[in-house]
Amino acid sequence: MKRILLVEDETAFAVGTIDRLESEGYQVEWAKTGPAGYDAARAQSFDLIVLDIMLPGRNGFDICRDLRRDGVNAPLMMLTARGEVVDRVVGLKLGADDYVQKNCEPMELMARIEALLRRSGAALAVSPEHAEFGAVRVDLRKHEVTREGKLLTLSPVEFRLLEYLIARRGVVISREELLENVWGLQGDTLSRTVDVHIAGLRKKIEADPRYPRYLLTVKGAGYKLAI
């Protein structure tokens with residue numbers, strides 16, 4: 001089931017949109033403020049984010065920009081009550097995938113959502129044997145990782161860590177879960193092992209480890225691979 005995050009403060013519009021989406025078989029989470037929507041988009045994995053521009057607490061332009069900066073790559077549709085061309089251009093330049101006026105026909109909104117989900121599904125480059133994100137290609141069968149065509153040297157533990165993150169891509173994973181499933185240690189073990197290996201893996205797969213695009217830290221929760 002596809003998961004959609006709707007960030008919208010107008011109750012009547014949100015309820016109507018949620019009803020239509022759920023009737024089509026989508027699972028919808030509703031955030032009513034900018035900060036709540038931003039936190040939800042960073043902490044959870046969604047197949048689509050539908051984001052209003054005018055929101056209490058934080059506007060949609062800022063949220064879109066910061067989510068893309070944080071490596072949240074889910075398709076993002078921006079909603080607006082206004083039709084100015086400059087708003088559409090700004091939204092698309094900040095990383096939005098589509099831009100829709102809220103006064104459009106409900107059927108058009110649904111069609112645009114379905115089209116965006118289809119495009120994103122076709123573009124997802126993960127299979128049982130390999131995964132690709134940015135300049136990185138992971139051959140899960142051969143246990144080989146390349147970046148920009150150059151073979152990377154990963155330790156067995158680093159590869160198991162990356163393999164586990166790929167399998168749970170988009171999901172926030174706690175340090176305890178990683179310790180148990182990658183290292184076989186008890187989840188309550190006090191250790192910086194996870195942090196050290198995450199830092200080492202970032203240096204190998206990220207273009208700039210100081211500002212990671214894919215291997216993200218979710219403060220107070222753990223890590224996720226945003227692909």
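Some points to look at:
- Selection status of residue 42, out of contact with any Leu (no Cβ under 6 Å at 6 or more places or on another chain) and closer than 18 Å to residue 213 by Cα: yes
- Members of the stretch 1-34 found to be closer than 27 Å to residue 218 by Cα and out of contact with any Leu (no Cβ under 9 Å at 6 or more places or on another chain), listed by number: 1
- Matching entry among 49, 63 (being at pLDDT 85 or above and under 21 Å from residue 2 (Cα atoms)): 49
- Pairs are defined by a Cβ separation below 7 Å, a sequence spacing of at least 6 or placement on different chains, a first member in the stretch 67-85 that is at pLDDT below 85, and a second member that is of a type in the set (Ser, Thr, Tyr); the pairs so defined are 71/214.
- Cβ-Cβ under 9 Å pairs, at least 6 apart or on other chains, the stretch 127-139 side assigned by TED's automatic domain parsing to the domain that holds residue 215 and over 12 Å from residue 227 (Cβ atoms), far side at pLDDT below 80 and of a type outside the set (A, V, I, L, M): 139/129
- Only one entry in 192, 160, 210 is loosely packed, with under 13 Cβ neighbours inside 10 Å and either farther than 21 Å from residue 71 by Cβ or in the same structural domain as residue 74 (by TED's automatic domain parsing) (or both), namely 192.
- Among the residues making up the stretch 1-20, a single one is part of a helix (DSSP H, G or I) and buried (at least 21 other Cβ atoms within 10 Å of the Cβ): 17.
Residue-wise test of (1) among the polar types (S, T, N, Q); (2) within 23 Å of residue 168 (Cβ to Cβ).
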residue: 41; (1), (2): no, yes
residue: 45; (1), (2): yes, yes
residue: 54; (1), (2): no, no
residue: 60; (1), (2): no, no
residue: 64; (1), (2): no, no
residue: 69; (1), (2): no, yes
residue: 73; (1), (2): yes, yes
residue: 77; (1), (2): no, no
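- Residue 123 at pLDDT below 80 and small (Gly, Ala, Ser): yes
- Condition met for residue 213 (within 19 Å of the chain's Cα centre (by Cα), under 19 Å from residue 130 (Cα atoms) and in contact (Cβ under 8 Å) with a residue 12 or more places away in the chain): no
- Total residues in the stretch 129-151 satisfying the condition of being surrounded by 18 or more Cβ atoms within 10 Å (Cβ to Cβ) and either more than 19 Å from residue 169 (Cβ to Cβ) or not β-branched (Val, Ile, Thr) (or both): the figure is 3.
The values are calculated or read from the model by the stated rules, or taken from the named source; none is laboratory data. This is a predicted model, so every value here is computed, not measured. A quick note on method: Cβ atoms are made from the backbone with ideal geometry, for glycine too, and the neighbour counts reach across all protein chains shown.
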